[in-house]
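K.L.:
Here you go, one structure.
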Amino acid sequence: MRILVISDVHGNIEALNAVLKEPCDAVLFAGDIVDYGPRPKECLQKLKEETLFFVRGNHDNAAGFGVDCRCSPAMHDLSAETRKFTRKVLNPQELKFLASLPLSSEFLLDGKKFFMVHASFSDPLFKYLNPNKISASEIEREFENIDADFVIYGHTHFPILIKRKKNGLILNPGSVGQPRDGDPRASYAVIDTEKNKVDFYRKEYNIEKVARDIKERGLPEKLIDILYQRV
């Protein structure tokens, strides 16, 4: 199987549509459909159509339950402001869907074991396993008790691949809708279960259209600078 792994779309339908053009047999989503971006409803609808397995992100949780997302201090005020917009745009059934997403998911695909969570094993919604701040061995220890060929997480907006000492791989596909690693293109990963390998890709999309949408919808224009990696 060729499995598309995506995370952290954050209301960016242009980036999501671009990435979903990637040929695949299944789509896995590691959380955070909403907040920051101008099209949360469209992203939710598209992912419901395309995704085989979901997990709930901290922003999905915050929108679904009307609580704080507990994100990084640098992004907290922006997330709170855009969440008001998100909760206004989504209907009660869509908010209920976000709240109902599982915190983690274990499943089999093509005979391979998968474990997926948004943030970490010990803290599914909030802990940051950022490869720029902690070592690969620390990230590996976080998932050491998970029996899986592929361990998937998101949340950091940084792509990473770690070969586990025991067995299998740990991967973070990076962010589709709001990368923070210096490259504004949408980030994602593809798992090849036959070859037991992971490839990472970047996809160009119409950032200018998203920027116009942010302005037209009255969202903070700082979000545009973040999209372009100017901050």
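K.L.:
Under the Karplus relation 6.51 cos²θ - 1.76 cosθ + 1.60, θ = phi - 60°, what is the ordered set of whole-Hz ³J(HN,Hα) values for the stretch 66-79, x standing for Gly and Pro?
P.N.:
So the Karplus estimates, Gly and Pro as x, are x, 10, 6, 8, 6, 8, 5, x, 5, 10, 4, 5, 5, 5 Hz.
K.L.:
Let me ask you something else. Positive end of the dipole of the chain, charges at C-beta (+1 Lys, Arg; -1 Asp, Glu), about the Cα centre: which of Val210, Thr156, Phe114 has its Cα farthest in that direction?
P.N.:
After comparing all options, I get Val210.
K.L.:
Build a GNM of the chain with springs between Cα atoms under 10 Å: which of Ala99, Ala119, Ala186 gets the top mean-square fluctuation?
P.N.:
Taking springs between Cα atoms under 10 Å, the residue moving most is Ala99.
K.L.:
Give the long-range amide H neighbours of Leu169: residues separated by 5 or more places, or on another chain, with amide H under 5 Å away, using H modelled in the peptide plane at 1.01 Å from N.
P.N.:
Sorted by chain and number, the residues that satisfy this are Phe150, Val151, Arg164.
K.L.:
Which of Leu28, Leu171, Leu108 ends up with the largest GNM mean-square fluctuation for the chain, with Cα atoms connected below 10 Å?
P.N.:
Of Leu28, Leu171, Leu108, the most mobile in the Gaussian network model is Leu108.
K.L.:
Estimate the FRET efficiency between Glu22 and Phe65 by the formula 1/(1 + (r/R0)^6), using the beta-carbon distance for r and 45 Å for R0, to the nearest 0.05.
P.N.:
Once the sixth-power term is evaluated, E becomes 0.90.
K.L.:
Take the residue pairs Lys133/Lys215; Lys21/Lys209; Lys48/Lys197; Lys48/Lys203; Lys127/Lys163; Lys41/Lys84 and return only those whose Cα atoms are more than 24 Å apart.
P.N.:
Exceeds cut-off: Lys133/Lys215; Lys48/Lys197.
K.L.:
I've got another one for you. Given an 8 Å cut-off on Cα distances and at least 6 residues of separation, report the relative contact order of the stretch 2-227 as a percent.
P.N.:
Relative contact order, the stretch 2-227: 23 percent.
K.L.:
To continue, here is another question. For the chain, what is the calculated [θ] at 222 nm in deg cm²/dmol (nearest 500), taking -39500 (n - 2.57) for each run of four or more DSSP H residues and dividing by its residue count?
P.N.:
Computed mean residue ellipticity for the chain: -9500 deg cm²/dmol.
K.L.:
Describe numerically, in nm with one decimal, the distance between label points set 7 Å from Cα along Cα→Cβ at Ala74 and at Asp225.
P.N.:
1.2
K.L.:
Please compute the modelled spin-label separation between Tyr128 and Glu208, points set 7 Å along Cα→Cβ, answer in nm with one decimal.
P.N.:
3.3
K.L.:
Viscosity 0.692 mPa s, temperature 37 °C: what is the translational diffusion coefficient of the stretch 94-231 from Stokes-Einstein with a Kirkwood Rh over Cα pairs, rounded to a whole number of µm²/s?
P.N.:
199
K.L.:
Also: Under a 10 Å cutoff between Cα atoms, tell me which one of Val34, Val117, Val89 has the largest fluctuation in the Gaussian network model of the chain.
P.N.:
Greatest mean-square fluctuation among the candidates belongs to Val89.
K.L.:
Can you work out the base-10 log of I(q)/I(0) for the chain at q = 0.08 1/Å, using the Debye formula on its C-alpha atoms alone?
P.N.:
Ignoring solvent entirely, the Cα scatterers give -0.25.
K.L.:
Then there's this: Where the only charges are on Cβ atoms (+1 Lys, Arg; -1 Asp, Glu), what is the dipole of the stretch 2-227 about its Cα centre, to the nearest 20 debye?
P.N.:
The calculated dipole for the stretch 2-227 is roughly 160 debye.
K.L.:
In addition: Net charge near Leu47, counting Lys/Arg +1 and Asp/Glu -1 over other residues with Cβ under 13 Å of its Cβ?
P.N.:
For residues surrounding Leu47, the net value is -2.
K.L.:
Roughly what % of DSSP beta bridges within the stretch 2-227 run antiparallel, to the nearest 5?
P.N.:
65
Taken together, the values in this text are just the output of simple stated rules run on the coordinates, not laboratory data. Only a predicted model underlies this, so the values are computations on that prediction, with no experimental measurement involved. A quick note on method: Cβ atoms are made from the backbone with ideal geometry, for glycine too, and the neighbour counts reach across all protein chains shown.
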